[in-house]
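These notes are about the structure you will find just below.
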Amino acid sequence: MPELPEVETTRRGIAPWLEGRTLVCARVREPRLRWPIADEIRQLGDEPVRGVRRRAKFLLLDLDSGQLLLHLGMSGSLRVVVADTPPDKHDHLDLVLDSGRALRLRDPRRFGAALWTSEPDRHPLLDKLGPEPWDPGVDGEWFYRKARGRRRAVKDFIMDAGILVGVGNIYAQESLFRAGIHPARAAGRISRKRYGLLADTIRAVLGEAIEVGGTTLRDFAGAGGAPGYFRQQLTVYGRGGEPCRSCGRTLRAVRHGQRGTVYCPRCQR
DNA sequence: ATCGGGACCTGCTTGC
DNA sequence: TGCAAGCAGGTCCCGA
């Protein structure tokens, strides 16, 4: 479900309910997520929430004793609920607040995570991450240098969180279409100029998706339950076999690795 | 060093 | 209508 725009939409939705409030306790119903829910989280009590930030697709809750990291994986979502609301089958974790509300993590596939670090922003999983798409220096020249000698498909390259964070399967396809780049083209065989366009395009696509509250697929909704509206702006994702909105040619759907990929064989080279 | 593939899960859609 | 296969937004880790 969540790519960067969905995570950022979630962050904006939950932050006003958390910041300035005190976390009273955590209730763990199912600790078996991608990694077991950290013991430190179970033992939390009476800690003011100093901030709710995002790094890549992690949500970071800054507390005085350390930092709680939440990842939504493929199917995770966060809602703010009245604390005694009966949990759904897949509601694995509640962070109970002094306001009588709780931040509730739901994740049917359990690819998500709830982790802990006593050193803010220094969890091992954060250390290997590349820059955010909006970080200064992420431009055509930067991509071009990073891609030197690489033969792998540019789609895989831009989805590699060690290179750049925040580009998942939906927005990789959308960005490559808008930039006119074939998803299977070798990363090392793209010019500075085209990478410059791609860098701008990735920021534009992600930015537009954040502005409209992300993409609603299946059951994604923001923290308040409102759907995201980027779905209406998807140009290639999920449209294999349908006509290209730019040239009319039939969009091709292929499988690259294990992931579906749709592109226009005429507009993307 | 770089890469491709498998693995982790459940639920919904599709096709026989 | 029932059942199985296929597919889904992420990403770590392994072996080649």
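The values are calculated or read from the model by the stated rules, or taken from the named source; none is laboratory data. This structure is a prediction, so every number in the text was calculated from the model and none was measured. Every residue, glycine as well, gets a Cβ built from its backbone with ideal geometry; the counts of neighbours run over all protein chains shown.
Are any of the residues in the range A:155-163 over 15 Å from A:THR201 (Cα atoms), more than 14 Å from DNA strand B (Cβ to nearest atom), touching a residue at least 60 places away in the same chain (Cβ under 8 Å) and not in a helix (DSSP H, G or I)?
No, the conditions are met nowhere in the range A:155-163.
Could you please find all residues in the range A:57-81 being within 11 Å of A:LEU18 (Cβ to Cβ) and in a strand (DSSP E or B)? Give the derivation first.
Here is the first cut: in the range A:57-81, the residues within 11 Å of A:LEU18 (Cβ to Cβ) are A:59, A:61-63, A:68, A:78, A:80.
Hits for the range A:57-81 are A:LEU59, A:LEU61, A:ASP62, A:LEU68, A:LEU78, A:VAL80.
Evaluate the following for A:GLY207: is it of a type outside the set (A, V, I, L, M, F, W, C) and either buried (at least 16 other Cβ atoms within 10 Å of the Cβ) or within 16 Å of DNA strand B (Cβ to nearest atom) (or both)?
no
Is it the case that the range A:26-41 has a residue that's of a type in the set (A, V, I, L, M, F, W, C), outside any loop (DSSP other than H, G, I, E, B) and within 16 Å of DNA strand C (Cβ to nearest atom)? Give the steps one after another, and end with the answer.
The first filter runs over the range A:26-41 and keeps only residues of a type in the set (A, V, I, L, M, F, W, C), leaving A:26, A:28, A:33, A:35, A:37-38, A:41.
Narrowing the set further to residues that are outside any loop (DSSP other than H, G, I, E, B) leaves A:26, A:28, A:41.
Narrowing the set further to residues that are within 16 Å of DNA strand C (Cβ to nearest atom) leaves none.
No, there is no match, as no residue in the range A:26-41 is of a type in the set (A, V, I, L, M, F, W, C), outside any loop (DSSP other than H, G, I, E, B) and within 16 Å of DNA strand C (Cβ to nearest atom).
In the set A:GLY76, A:GLY100, A:GLY137, which member is within 18 Å of A:GLY162 (Cβ to Cβ), at pLDDT 95 or above and not aromatic (Phe, Trp, Tyr)?
Unique residue meeting the criteria: A:GLY137.
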